[in-house]
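Readers should treat all values here as calculations from the given coordinates under stated rules, not as data from a laboratory. Note that the structure is a prediction, hence the values are computed from the model and not measured. Reconstructed Cβ throughout: ideal geometry from the backbone, glycine too, with neighbour counts over all protein chains shown.
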Amino acid sequence: MIDDCFAANRKWAKTTVEEDPEFFKRLEALQSPDLLWIGCSDSRLPPNEIIGRAPGELFVH
């Protein structure tokens, strides 16, 4: 199971870079969220997506 998670992550990273070569460089610069989201864990949907925020715009705890 953990091998599947690592494989999926590698695939996601590869696809992300192919589609947007600067994605990770931009994301690195974006680590200054304006919001802190305190809530419960839910595997169905990431909190940033339900409030229309991009990765790096919301700190989830």
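Sorting ILE50, ILE2 from the fewest to the most surrounding beta carbons within 10 angstrom yields ILE2, ILE50. Note: relative contact order over the chain, using C-alpha pairs below 8 Å and six or more positions apart, is 33 percent. Compared with the direct C-alpha span, the chain from THR15 to HIS61 gains 13.8 nm at full extension, assuming 0.36 nm per residue. The label point for LEU45 and the one for PHE6, both projected 7 Å from the Cα toward the Cβ, are 3.3 nm apart. From the largest down, the chain spans 30, 30, 15 angstrom on the principal axes of its Cα atoms.
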